[in-house]
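Let me begin by presenting the structure, written as C-alpha cells, before commenting on it.
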Amino acid sequence: MEHRWKERSEVSLDVVVRGRDELVVRGRSQDISPDGMFIRLAGRIPPTGTAVGIEVPQFGRLRGWVVHVGDEGIGVMFRTLDHKEKRLLRQLLAESVAAGRKCPPT
C-alpha cells in the first residue's frame, strides 16, 4: 500500500526533465505535493535514484530524485529546496488549490 505524507494536487503542466548523461525528456506533470511530483514522460525514463532537474517553463526549476518508475512516468521526491524553488512550489500549489484540483486519497 502506498502512503503519502502530504496531500497531492492535480497540476498539469509541460515540463522538461534533465538527468545525468545529458538526458533530456519532455513530459507533463500529473500531480504535485510539497514533497514531490508525478510526471508522465514521452521518451527515455531515468532510473530510480537519478538526480533530476525539473524545468517548468515560465515558472522555474525544481530539483529532486527519481523515487518511482512506472510504465506511465516517474515519481520525483524534491531535494531540499532553496528560497526560489520554495516560492515556485508554493505558486504551483496555490494555483492548483484555487482551481479546486485535489487528487483523491490513495
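Does region 25-39 include one or more residues that are modelled with pLDDT under 90 and among the aliphatic types (A, V, I, L, M)? No, every residue in region 25-39 fails to be modelled with pLDDT under 90 and among the aliphatic types (A, V, I, L, M). Inside region 23-60, can you point out the residues that are under 10 Å from the mean Cα position of the chain (by Cα) and charged (D, E, K, R)? Scanning region 23-60 gives ARG28, ASP31, ASP35, ARG40, GLU55. Evaluate the following for ILE39: is it under 19 Å from ARG87 (Cα atoms), hydrophobic (A, V, I, L, M, F, W, C) and not in a loop (DSSP other than H, G, I, E, B)? Criteria not met by ILE39. For region 54-71, a residue qualifies if it is surrounded by 15 or more Cβ atoms within 10 Å (Cβ to Cβ), small (Gly, Ala, Ser) and modelled with pLDDT under 95, and exactly one does: GLY60.
The values are calculated or read from the model by the stated rules, or taken from the named source; none is laboratory data. Quick caveat, the model's predicted, so the values are computed rather than measured. Methodologically, a virtual Cβ is constructed for each residue, glycine included, from the backbone with ideal geometry; neighbour enumeration extends over all protein chains shown.
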